[in-house]
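The values are calculated or read from the model by the stated rules, or taken from the named source; none is laboratory data. Being a predicted model, the structure only gives us computed values, none of them experimental. Glycine gets a Cβ as well: all are built from the backbone with ideal geometry, and neighbour counts include every protein chain shown.
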Amino acid sequence: MRKRQFGARLAVVAAASAAVAVAAAGTSSASTVKAHAASSDVTLKLVVADYGTGPSNTSLKYWNSMAAAFHKQNPSISVKVTDIPWTNFDSEVQTMIQNKNYPDITEGDYFSAYAQQGLLYSAKQVLSDSANLLPAFKNQGSYKGTQYGLPWTTSSRTLFYNKKLFAKAGIKSAPTTWAAIEADAAKITKLGKIGFGLPLGPEEAQAESLLWFLGDGGGYMNTAGNKWTISSTADVTAFNFLKGMVAAGDTEPDPGTQDRTPLWEKFAAGDVGMINGSPALIPIIQAGKVLSSSQWASVPIAGKNGPLKSTLGVCDNVAAFKPNGHEAQIKAFLNFAYQNKYQLQFDREYDLLPATVSAANALKSDPTFGSFIKALPYSVQYPINTAWAQVKTDIQNTIGTAVTGTPSAVLGQLQSQAQRLGS
Amino acid sequence: MSEQSQFSIRHTRPARAAFALRPLLWIGPAIALIVVVVLTPVVVMIHSSFENIASDGFVVGGAGFSNYKYLWHEPALKGVVFRTLLWVVVVVGVTLVLSLALAQLFNQRFPGRRAARTMLILPWAASVMMTALIYRWALDPYSGAVNIILHALGIVHRMGSTQADWLGSPGWAMFWMMIVAIFVSLPFTTYALLAGLQTVPSEIYEASRVDGASHWQTYRSITLPMLRPAILVATTINVINVFNSFPIIWEMTRGGPGYETSTTTTFMYILKQAFIGESAAMSAVNFLLVIVVVLVFLRVAGWKEQVDQ
């Protein structure tokens, strides 16, 4: 009895928030949806994460204009777009699924749990040319060998450096080895700036750490993906090197407390010599108006003995949901959405990278994005493991203490925690 | 009284029961509020500490005591609990000593007393989060006001150095956070003691003066004993508040580096990101811990005597 009352109240709340969402999206009311249904028309429910920084570049604009163009070609299919801020994306999608209020398509984070529960169409079912999706990202969206998560937008990491500071310190070329990083960072530190920006705070310590592990041939898991290798010799060596840099004062003080975004902003302000970054750093540099485009550059990340052949790549995914039974309509829409034109438009708008082979080829010689694109096919992803979400949280919170404490002890602790959570 | 007995004679049993229940009409809403707002969350919290909850919030099944077991084996736990106790003892202790002095000062008559008393409220009136943020920026290693002053005084040798990064090293971070915690606890404590001071009858002071007692003697044998109930209340409330203090630590260090500036409250919150059941277990332990701490304190302070007075 009590439970039912609670349920009813929840439903009211959900209905109210749904109403707000509809109002916010500014789309047609319930009656028009009904009219569509009567004439056997279909309205696809598209739920997307918002990549914009405000009303001027909200993702709703991008998707609505694409949906309008699509509707013109396919009058029997309408697309209702709901966009959700990134911070709420996961929880709102989860709520929709729990309330059995299924979307047809989502774009943002991808949940392998939904594939496991049989809620998703496979990539082959809803995209004619699914081979055009970047193969490097196939595994992270796959469940038992079938791809369910379709990469939509990607980014890869490179080393950004401040050419102005390099010239001032008398450094001729960008570093490609750890030894060069150390030497260059020391020279820049002498200028009173931060030599190397090392964000090992909770925001994204798992990314920064992986970039250093890769430099020594290490990583979080072995290549077969069945064993954690967080405390491997390669990983410990990487952190021993970092500890030396920190002790010498070649980084910002106490990297374990430094988050990525504030350090990127310091790079944009011209106060940092080198920092590992993604294309998302570019708009921050442009907004800073301190460094002109000729005063910084990005190159492959330096490794122990030479530049990385493979770097960290991440992607956001499209997922197509089964329960509403709109397979044909979803396929029509996704075939339309994955055209080069829309891929490139999205990436230009948000300084991200494409997720299809054809769009990546189109950008290969782009002066800003070229170096990132070349790195994409070789990109390394985070472990595809059900325990990763929890292991990641642990890494984010504690790995930064390795540069002031004992690397082997901190990494060993993370390793045993990861093993407990699942290999 | 007589009216009541008449009532019970004239009326039948159900009516008498209804009469007995009548007070419930008045205290019922308050009880309902306490049950819904205070007790229910406690029950839900303790219940979820025995459940296996996936990191996306789905309940996977029962967990028995395994959440507590994992918590117990958490390598950071020992440090976190020790730090929490240190945090409570230092913050409450220093706050109390400073407040006793401040209360004495504000109990004197001096020009501008009203303005001074109003100013004392300000740290209380300002949002704790805001205060914590202001301190965090003041301690910024590159451009913080505190560092600029210390640099000018020659204490901080170079801006942006490890030395200037107070919040990056656990010891100094705790020191500065304690200062902020004391700063925001002073107003309430001072006012509680000030109220206590004003209940001390002036005749007693007059009598002691006649007997030739020194200022210090008067303070020790009259003021402090008379203040005892006020001190007791102020300390108990402060212990609970400081123990559960979240915004100061969260805004200034997020409990980092690692968990090295976390107390049980922030540790619980960090755990919640991925280990919901274990976090609930931490909450339950926290709840128990604060109750035990307060009970021990009340016993030591002779709480019963105070009530009997």
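Here are some notes:
- Residue check for residue B:196: part of a loop (DSSP other than H, G, I, E, B), farther than 30 Å from residue A:257 by Cα and not polar (S, T, N, Q): no
- Boolean, residue B:173 is under 22 Å from the mean Cα position of the chain (by Cα), in a helix (DSSP H, G or I), more than 30 Å from residue B:113 (Cα to Cα) and of a type in the set (Gly, Ala, Ser): yes
- Set A:173, A:156: member being hydroxyl-bearing (Ser, Thr, Tyr) and under 30 Å from residue A:320 (Cα atoms): A:156
- Conditions (1) within 14 Å of chain B (Cβ to nearest Cβ); (2) buried (at least 23 other Cβ atoms within 10 Å of the Cβ); (3) under 16 Å from the mean Cα position of the chain (by Cα); number of the one not met by residue A:392: (2)
- Output for the stretch B:97-116, where each listed residue is without any contact (Cβ under 8 Å) to a residue 40 or more places away in the chain and part of a helix (DSSP H, G or I): B:97, B:101, B:105, B:113, B:114, B:115, B:116
- The residues on offer are A:418, A:320, and the sole one that is within 14 Å of another protein chain (Cβ to nearest Cβ), under 29 Å from residue A:117 (Cα atoms), in contact (Cβ under 8 Å) with a residue 60 or more places away in the chain and not aromatic (Phe, Trp, Tyr) is A:418.
- Residue that is nearest to residue A:247 (Cα to Cα), among those in the stretch B:109-160 that are within 14 Å of another protein chain (Cβ to nearest Cβ), of a type in the set (Gly, Ala, Ser) and crowded, with 16+ Cβ neighbours inside 10 Å: B:160
- Residue A:273 in contact (Cβ under 8 Å) with a residue 60 or more places away in the chain, surrounded by 24 or more Cβ atoms within 10 Å (Cβ to Cβ) and over 22 Å from the mean Cα position of the chain (by Cα): yes
- Among the residues here, residue A:209 does not qualify as in the same structural domain as residue A:269 (by TED's automatic domain parsing), of a type in the set (Ser, Thr, Tyr) and not in a helix (DSSP H, G or I).
- Condition check for residue B:75: surrounded by fewer than 16 Cβ atoms within 10 Å (Cβ to Cβ) and within 14 Å of another protein chain (Cβ to nearest Cβ): yes
- Helices (runs of 4 or more DSSP H) (entirely within the stretch B:245-304) containing at least 2 residues that are β-branched (Val, Ile, Thr) and within 14 Å of another protein chain (Cβ to nearest Cβ): B:247-253, B:264-272
- Residue, surrounded by the fewest Cβ atoms within 10 Å (Cβ to Cβ), within the stretch A:276-292, restricted to residues that are at pLDDT 85 or above and in a loop (DSSP other than H, G, I, E, B): A:289
- Checked against (1) aliphatic (A, V, I, L, M); (2) at pLDDT 95 or above; (3) not in a helix (DSSP H, G or I), residue A:236 passes all but condition (3).
- Here is the figure for the stretch A:39-71: residues that are in contact (Cβ under 8 Å) with a residue 60 or more places away in the chain and part of a strand (DSSP E or B) total 7.
- Matching residues, the stretch A:116-146, being buried (at least 21 other Cβ atoms within 10 Å of the Cβ) and free of Cβ contacts under 8 Å to residues at least 60 places away in the same chain: A:123
- The residue that is nearest to the other protein chains (Cβ to nearest Cβ), counting only those in the stretch A:104-141 that are over 26 Å from residue A:77 (Cβ atoms) and assigned to a helix (DSSP H, G or I), is A:113.
- All helices (runs of 4 or more DSSP H) inside the stretch A:330-393 with 1 or more residues being at pLDDT below 85: A:370-375
- Residue check: residue A:233 meets all listed conditions (1) in contact (Cβ under 8 Å) with a residue 60 or more places away in the chain; (2) polar (S, T, N, Q); (3) more than 14 Å from chain B (Cβ to nearest Cβ) but one, namely (1).
- So residue B:122, is it of a type in the set (A, V, I, L, M, F, W, C) and under 29 Å from residue A:253 (Cβ atoms): no
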